[in-house]
Amino acid sequence: MDGKGKEAVQQKDLLKYGHDIAWFRGAMIGKWDFGRVYLATLKNPNSKYRCLPSVMAVKSTKVSVSGSIQKEKEVFINVKGYPNIIRCFGEETTIGKNGMMVYNLLLEYGCGGTLAYRIKKLDGNGLPESKVRVYARSILQGLNHIHGIGYVHCALIPDNILLVHNGGRARVSQLEKKFVILGWQRGLRRIRK
């Protein structure tokens, strides 16, 4: 698809999913069978919504099929506040131009891309050992926290690790297509204690 075709599809998506009072829906940065992930920016960072970051990722799907990302929100509530895990800023419902109700999960944007993308960019040379140590430490700290509150991550692959330019920490995420298809119910399991 050429650039104009992609732009037309994205414009159609924006109308389909709508915007919120506080933020504009931007470019699509991921998708799965039932929804999409968009880059979003605050309309007015000085408004009463300044508690939201100026740029974030918005995971969106029709309300009628939003059960898995609503469960994901519950998981984020349970793991919130830990620095090695992507932050969730809340949930909102928007109405698209055609009247479709859309469930939106507001998430921290992994501006550094995925660990898989970072590895592919190195043309087979691999990550420097110093970076491997930093990423491994961050990932293990995140896993330790998740395990400590009773969850097991079942889809830990480089595509599911987002890199956030915040002191070089890697954070466990579910934004990439492969993991989203699995859903949090399958990708993250609650341990019975």
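Readers should treat all values here as calculations from the given coordinates under stated rules, not as data from a laboratory. Owing to the predicted nature of the structure, the values given are computational and were not obtained by experimental measurement. Please note: Cβ atoms are built from the backbone with ideal geometry, for glycine as well, and neighbour counts cover all protein chains shown.
Using the Karplus relation 6.51 cos²θ - 1.76 cosθ + 1.60 with θ = phi - 60°, the per-residue 3J(HN,Hα) values for the range 72-87 come to 4, 4, 4, 5, 4, 4, 6, 9, 4, x, 8, x, 9, 10, 3, 7 Hz, with x marking Gly and Pro. One quarter of the surface of the convex hull around the alpha-carbon atoms of the range 116-167 equals 4.1 nm², the direction-averaged projected area.
Residue-wise HN-Hα couplings along the range 110-127, as the Karplus relation 6.51 cos²θ - 1.76 cosθ + 1.60 with θ = phi - 60° gives them from phi, are x, 5, x, x, 9, 4, 4, 4, 4, 5, 4, 5, 8, 6, x, 7, x, 6 Hz; Gly and Pro carry x. So which trypsin sites (Lys or Arg not before Pro) in the range 46-144 pass both tests, a DSSP loop state and at most 11 other Cβ atoms within 10 Å of the Cβ? Sparse-neighbourhood loop trypsin sites (Lys or Arg not before Pro): Lys48, Lys80, Lys97, Lys121. On a 24 Å Cα-Cα criterion, which of the cross-link pairs Lys31/Lys62; Lys80/Lys120; Lys31/Lys73 come out too long? Result: Lys80/Lys120 exceed 24 Å. Rounded to the nearest Hz, the phi-derived 3J(HN,Hα) couplings of the range 152-160 under the Karplus curve 6.51 cos²θ - 1.76 cosθ + 1.60 (θ = phi - 60°) are 10, 7, 9, 9, 7, 9, x, 5, 9, where x marks glycine and proline.
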